[in-house]
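Before any comments, here is the structure.
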Amino acid sequence: MRIGASFALLAAFLGSAATPQDRIALSRTVYVEKIDGAAGLRTVEPATSFRRGDRVILMIEWTGAEARKGTVVRSAIPTSLAFQQGSSEALEVSVDGGRKWGRIGHLRVGERLAAPEEVTHVRLKVHGKTGGRMTYSAIVR
């Protein structure tokens with residue numbers, strides 16, 4: 001089960017995209033956070049497998065020609081993950097499949113504020129840049 005879940009998570013994560021009119025190369029990496037209980041040391045390692053409760057860090061890097069105005073790098077959050085936080089204040093999130101975008105603390109689900117675990121997509125506007133990185137953390141459900 002652990003390996004099957006890992007492959008499903010990686011396959012879902014590979015669905016990241018950039019705006020199609022720009023020639024940007026994307027690479028994606030998944031890391032898992034490990035904490036040594038005795039020493040209390042936190043390490044981050046390339047993920048080969050996951051289990052429920054693991055904290056993972058997902059990184060999307062892009063390179064290419066200078067991105068035009070309006071270029072966006074976006075990624076769906078795999079359903080097996082509960083979004084926790086992004087690496088940048090510029091990172092926008094969606095809780096409705098990518099229809100509306102904003103920041104946690106401003107988006108609503110019905111009458112209440114959306115929780116981070118309800119995030120379905122992340123995106124970052126990248127115009128004017130020739131490369132960069134977007135990261136976010138999540139917990140394996």
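The values are calculated or read from the model by the stated rules, or taken from the named source; none is laboratory data. Since the model is a prediction, treat every value here as computed from it, not as a measurement. Glycine also receives a Cβ, built like all others from the backbone with ideal geometry; neighbour counts cover every protein chain displayed.
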**Prompt:** Hey, does the stretch 70-79 have a residue that's in contact (Cβ under 8 Å) with a residue 12 or more places away in the chain, farther than 21 Å from residue 25 by Cβ and either surrounded by fewer than 17 Cβ atoms within 10 Å (Cβ to Cβ) or hydroxyl-bearing (Ser, Thr, Tyr) (or both)?
**Reply:** yes
**Request:** Would you mention how many residues in the stretch 24-81 are of a type outside the set (S, T, N, Q) and assigned to a strand (DSSP E or B)?
**Result:** 30
**Prompt:** Can you name every residue in the stretch 39-53 that is loosely packed, with under 12 Cβ neighbours inside 10 Å and either under 16 Å from residue 80 (Cβ atoms) or in contact (Cβ under 8 Å) with a residue 24 or more places away in the chain (or both)?
**Reply:** 48, 51, 52, 53
**Item:** Residue identified as modelled with pLDDT under 95 and either polar (S, T, N, Q) or in contact with a helix residue (DSSP H, G or I) (Cβ under 6 Å, 6 or more places away or on another chain) (or both) among 137, 87
**Value:** 87
**Request:** Under 9 Å between Cβ atoms, at least 6 apart or on separate chains: pull out the pairs that start in the stretch 104-117 with a residue that is touching a residue at least 12 places away in the same chain (Cβ under 8 Å) and end on any residue that is among the polar types (S, T, N, Q) and surrounded by 12 or more Cβ atoms within 10 Å (Cβ to Cβ).
**Result:** 104/85; 107/94; 116/84; 116/85; 117/84
**Request:** Go through (1) over 17 Å from residue 127 (Cα atoms); (2) outside any loop (DSSP other than H, G, I, E, B); (3) among the aliphatic types (A, V, I, L, M); (4) modelled with pLDDT of 90 or more one by one and return the number of the condition residue 10 breaks.
**Result:** (4)
**Prompt:** What residue, among those in the stretch 82-96 that are in a strand (DSSP E or B) and among the aliphatic types (A, V, I, L, M), is surrounded by the fewest Cβ atoms within 10 Å (Cβ to Cβ)?
**Reply:** 82
